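> Starting off with a structure, shown below.
The values are calculated or read from the model by the stated rules, or taken from the named source; none is laboratory data. Bear in mind the structure is a predicted one, so any value in this text is a computation, not a measurement. Please note: Cβ atoms are built from the backbone with ideal geometry, for glycine as well, and neighbour counts cover all protein chains shown.
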Amino acid sequence: MVSRRLDTTQSTRGRILYIEDDSASAHLVERILTNQGYEVTTAWDGLEGITRANEDRPQLILMDINLPNMNGHEITTRLRSLPNFSNIPIVALTANNSPGNRKLALAAGCTGYLTKPIDVSRFPQQIDDFLQGRVEPLSPDEKQIHLEKHAQRMVEHLEEKVRELEAVNKRLQQLDQLKNDFIVLVSHELRTPLTLISGYSHLLNQIFAAPEADETQEPVRELVSGLDTSVQRMRDVVLEIINVSRITAGILEIVPTQLKLHKLVHKVCQKFEHVCQERALALHIGDLKHLPPIEGDREQLELAIRNVLSNAIKFTPDGGHIYIVGRRLEHGVELLVRDTGIGIPPEEHARIFEQFYMLGPIEKHSTSKVSFQGGGLGLGLAITKGIVKAHNGRIWVESQRRDLTHPPGSTFHIFLPLQRSTRQKPKSSIQSD
Ligand code: ADP
């Protein structure tokens, strides 16, 4: 809920924070105290109250006791543990006027205890007394007894909350599983007819593109070519989803062979030559021939490198540079894809490797794999990470910030062991796990 802040021009007597979930009480107290020249802020629950207290630094806190989530005793104990609130008056204001409750509130850290309904004529003076240093007494013995009670209730409350959270977490996991099953089911259902359509459209395209094709059919040829491109794109999307669902289920099939990374990188780069020219991007490939061969799945690693490179292209403004270099490490090789693009804020470094995660507005979504800032499905890096992990490798990113005006660039590191069976951790400050 949003808190309200009542600023008064003559707020010279100090700031008061009222933590209260009942709007009628809140309005009444606010009216009385603002008329007396106080500045009153209301927070509607405990968490908001703690945040407000830290931000506003009030001189006195009025605390309702029966609040949702955290009750007034718990909030008071928490506030008392913070250096700025160890001494300020925290006054309980509650409808419960039993002596036991008063002592419990004082043991939890309250300075005083006022009951509702408030006595409008006496209330300002009562507040003033607490501001002047009034503290309601509680004998050490009584404090001890009520502190124990307070501690017991807090533990009971904690247990109740943990149970609630566990139940909610279980439900969320079930929903997540349902979502995953649905995605897998739909993509598998789509795959079969799409494979057929894709085969036919490809065939048609070949027929119309053949040199001996009838020239009068030129308009049809263009239509068929457009149709084929769209169908292939659709197929790629469905395959991407199937791929990621296999990775999630841990059933990604790896067919290992001895691979030379320089060949793989050059093959991937060739596919992007045209778009790099169109967007005036300079693609620099370092000397990768010196890298030792590694054991890996050709198709999968090609896909992994393609995803990282297509991102570098997508997130680098026209006229920028992309560098691919490699280095030999003790137990493997490391491939670095560096761009001069818009960068990634450090707090997002781990999350970009999650499924369906994309940074930036959804309106930027585009099926293009290469247009500047065109967002995809948010699967590319999840798939890449899954492939790299299936090779017992690691992938991580280095980037200082996201900045469209002064692009800081990003560097993706892919570490691959020479043998799939050896798992080595390269040194890095930021790593996805
Ligand atoms: P998609 O498949 O939609 O491209 P990815 O999983 O590949 O999604 O990437 C997730 C997000 O990570 C992207 O939406 C983008 O915000 C960010 N990202 C990935 N690579 C780069 C990069 N080289 N520069 C800047 N941002 C990047």
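> Would you call G46 under 23 Å from R153 (Cβ atoms), in the same structural domain as G133 (by TED's automatic domain parsing) and not polar (S, T, N, Q)?
Judged against the criteria, G46 is a match.
> Given (1) at pLDDT 85 or above; (2) within 30 Å of V244 (Cα to Cα); (3) within 36 Å of the chain's Cα centre (by Cα), where does I183 come up short, assuming only one miss?
Failed condition: (1).
> Would you check which residues across region 230-272 are part of a helix (DSSP H, G or I) and more than 34 Å from the chain's Cα centre (by Cα) and list them? Write out each step before concluding.
Narrowing region 230-272 to residues part of a helix (DSSP H, G or I): 230-248, 261-272.
H262, K263, H266, K267, Q270, listed by residue number.
> Something else now. Quick one: is F412 at pLDDT below 95 and either within 12 Å of the ligand (Cβ to nearest atom) or not assigned by TED's automatic domain parsing to the domain that holds D339 (or both)? Even if it seems obvious, please write down each step before you answer.
Values: at pLDDT below 95: no; either within 12 Å of the ligand (Cβ to nearest atom) or not assigned by TED's automatic domain parsing to the domain that holds D339 (or both): yes.
No.
> Hey, another quick one. Run I118 past the list (1) within 17 Å of I61 (Cβ to Cβ); (2) of a type outside the set (D, E, K, R); (3) in a helix (DSSP H, G or I) and report the number of the one that doesn't hold.
Only one criterion is unmet by I118, namely (3).
> Give, as residue ranges, the strands (runs of 3 or more DSSP E) completely inside region 275-363 that count at least 2 residues that are closer than 16 Å to T384 by Cα and within 14 Å of the ligand (Cβ to nearest atom).
Here the list reads 332-339.
> Go through region 232-265 residue by residue and tally those that are in contact with a strand residue (DSSP E or B) (Cβ under 8 Å, 6 or more places away or on another chain) and either at pLDDT 95 or above or of a type in the set (S, T, N, Q) (or both).
Number of matching residues: 3.
> Specify which of the listed residues (V155, V135) is in a loop (DSSP other than H, G, I, E, B) and closer than 21 Å to R78 by Cα.
Testing whether each residue is in a loop (DSSP other than H, G, I, E, B) and closer than 21 Å to R78 by Cα leaves just V135.
> If the requirement is being at pLDDT below 70 and within 26 Å of V265 (Cβ to Cβ), which of these qualifies: T367, T340?
Numbers: T340 fails: at pLDDT below 70.
None of the others qualify; the one that does is T367.
> Filter region 376-402 down to the residues that are among the charged types (D, E, K, R) and assigned to a helix (DSSP H, G or I), then identify the one that is surrounded by the fewest Cβ atoms within 10 Å (Cβ to Cβ).
Result: K389.
> Return the residues of region 116-162 that are closer than 23 Å to R13 by Cα and of a type outside the set (A, V, I, L, M, F, W, C); say none if nothing qualifies.
The initial filter retains those residues of region 116-162 that are closer than 23 Å to R13 by Cα, namely 118-136.
D119, S121, R122, P124, Q125, Q126, D128, D129, Q132, G133, R134, E136 - these are the residues of region 116-162 that are closer than 23 Å to R13 by Cα and of a type outside the set (A, V, I, L, M, F, W, C).
> As an exercise: evaluate P211 against (1) part of a helix (DSSP H, G or I); (2) farther than 21 Å from A390 by Cβ and give the number of the one condition it does not meet.
(1)
> Considering only residues that are within 23 Å of L377 (Cβ to Cβ) and loosely packed, with under 13 Cβ neighbours inside 10 Å, which ones fall in region 203-232?
G226, T229, S230
> Quick one: which residue in R351, R298, R306 is charged (D, E, K, R) and closer than 20 Å to R401 by Cβ?
The match here is R351.
> Which ones in region 27-46 are part of a helix (DSSP H, G or I) and farther than 20 Å from N87 by Cα?
H27, L28, V29, E30, R31, I32, L33, T34, N35
> Right, S98: closer than 22 Å to R15 by Cα and surrounded by fewer than 16 Cβ atoms within 10 Å (Cβ to Cβ) or not?
Considered against the rule, which asks whether it is closer than 22 Å to R15 by Cα and surrounded by fewer than 16 Cβ atoms within 10 Å (Cβ to Cβ), S98 comes out as no.
> Being surrounded by 12 or more Cβ atoms within 10 Å (Cβ to Cβ), at pLDDT 95 or above and of a type in the set (D, E, K, R) is true for just one of E164, E156, E136. Which residue is that? Steps first, please.
Details: E164 fails: surrounded by 12 or more Cβ atoms within 10 Å (Cβ to Cβ); E156 fails: surrounded by 12 or more Cβ atoms within 10 Å (Cβ to Cβ).
That would be E136, the only listed residue that is surrounded by 12 or more Cβ atoms within 10 Å (Cβ to Cβ), at pLDDT 95 or above and of a type in the set (D, E, K, R).
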